[in-house]
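For reference, the structure is listed below as structure tokens.
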Amino acid sequence: MARYFIEVGYEGTSFCGFQIQDGQETVQSVVTAAFQMALKETCALTGSSRTDAGVHAKQNFFHFDTDIVLTPKHIYSINSILPPTVVVNGIYAVAPEAHARFDATKRSYIYKLHTFKDPFLEGRSWFYPFPVNHQLLNEAANALLDYTDFESFSKKNTTVNTFECHITKAF
């Protein structure tokens, strides 16, 4: 059986997050359904991370195992099944022990704000119609570089083994 990484992007406004949740439409639930329909087999996708409801991603990953040799035609077929807010950008054969979550070497997050009303930024940037002190914002962001333990940002009773995070850039 071969293992594949699936690279996806999504506009998350209508989703209840990335990972499957009972009775909720998530990115993982629609990608799983599309893969199962296209491949005509049950697919157990493992995600690289979680995102909250309404969060967008240019790039996120799943992995799964199959005996089917996947080709670019499969990407086309799966994308034709997916809603317009989700895209499979690539499918990559990887080593059998490769893991989408535990083999990730870095993650990037972008938070934006805008100071003028713009309907095209709705859902992609926070509207803050007041003067912004960029120097103070950059000083606050740089303070994050001094910390590596982010347990206080974690949910209670998690299965995570470490809360260590090494932030390399914040501005």
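Just need a number here: residues in the stretch 97-129 that are open to solvent by less than 100 Å² (accessible area, probe 1.4 Å) and either part of a strand (DSSP E or B) or among the hydrophobic types (A, V, I, L, M, F, W, C) (or both).
7
Output the qualifying pairs, or none if there are none: Cβ atoms under 9 angstrom, residues six or more apart or on different chains, first residue in the stretch 48-62 and under 9 Å from GLN19 (Cα atoms) and assigned to a strand (DSSP E or B), second residue open to solvent by 70 Å² or more (accessible area, probe 1.4 Å) and small (Gly, Ala, Ser).
Pairs that qualify, where the first residue is under 9 Å from GLN19 (Cα atoms) and assigned to a strand (DSSP E or B) and the partner is open to solvent by 70 Å² or more (accessible area, probe 1.4 Å) and small (Gly, Ala, Ser): there are none.
Within the stretch 52-69, track down each residue that is farther than 24 Å from GLU97 by Cα and not small (Gly, Ala, Ser).
Filtering the stretch 52-69 down to residues farther than 24 Å from GLU97 by Cα leaves 52-58.
Across the stretch 52-69, the qualifying residues are ASP52, VAL55, HIS56, LYS58.
Give the residue that is modelled with the highest pLDDT, with candidates limited to residues of the stretch 34-56 that are surrounded by fewer than 18 Cβ atoms within 10 Å (Cβ to Cβ) and small (Gly, Ala, Ser).
It comes out as ALA44.
Filter the stretch 1-45 for residues that are of a type in the set (D, E, K, R) and assigned to a strand (DSSP E or B); which is nearest to ASP67 (Cα to Cα)?
My answer is ARG3.
Mind counting the residues in the stretch 1-27 that are out of contact with any His (no Cβ under 6 Å at 6 or more places or on another chain), closer than 27 Å to PHE120 by Cα, touching a residue at least 12 places away in the same chain (Cβ under 8 Å) and open to solvent by less than 20 Å² (accessible area, probe 1.4 Å)?
Total satisfying the criteria: 7.
Given the conditions (1) closer than 15 Å to VAL31 by Cα; (2) exposed (fewer than 14 other Cβ atoms within 10 Å of the Cβ); (3) touching a strand residue (DSSP E or B) at 6+ places or on another chain (Cβ under 7 Å), which single one is not true for VAL86?
Of the numbered conditions (1) closer than 15 Å to VAL31 by Cα; (2) exposed (fewer than 14 other Cβ atoms within 10 Å of the Cβ); (3) touching a strand residue (DSSP E or B) at 6+ places or on another chain (Cβ under 7 Å), the odd one out for VAL86 is (2).
Pairs only if they're at least six apart or on different chains, beta carbon under 7 angstrom, first in the stretch 138-151 and under 22 Å from THR162 (Cα atoms), second among the β-branched types (Val, Ile, Thr) and modelled with pLDDT of 85 or more; list them, first residue then second.
Listed by first residue and then by second, the contacts come to LEU144/ILE167; LEU145/ILE167.
Suppose we keep only residues that are in contact with a Ser or Thr (Cβ under 9 Å, 6 or more places away or on another chain) and surrounded by 11 or more Cβ atoms within 10 Å (Cβ to Cβ) within the stretch 130-148. Which one would you say is modelled with the lowest pLDDT? Spell out the reasoning first.
To start, the set of residues in the stretch 130-148 that are in contact with a Ser or Thr (Cβ under 9 Å, 6 or more places away or on another chain) comprises 130-132, 145.
Now narrow it down to the ones that are surrounded by 11 or more Cβ atoms within 10 Å (Cβ to Cβ): 132, 145.
Values: VAL132: 93, LEU145: 88.
Filtering first and then ranking leaves LEU145.
The values are calculated or read from the model by the stated rules, or taken from the named source; none is laboratory data. Every value quoted in this text rests on a predicted model; they were computed, and no experiment measured them. Quick reminder, even Gly has a Cβ in these numbers, built from the backbone with ideal geometry, and neighbours come from all protein chains shown. Protein only, heavy atoms only, side chains kept; ligands, DNA and RNA dropped before computing areas. Shrake-Rupley method; radii C 1.70, N 1.55, O 1.52, S 1.80 Å.
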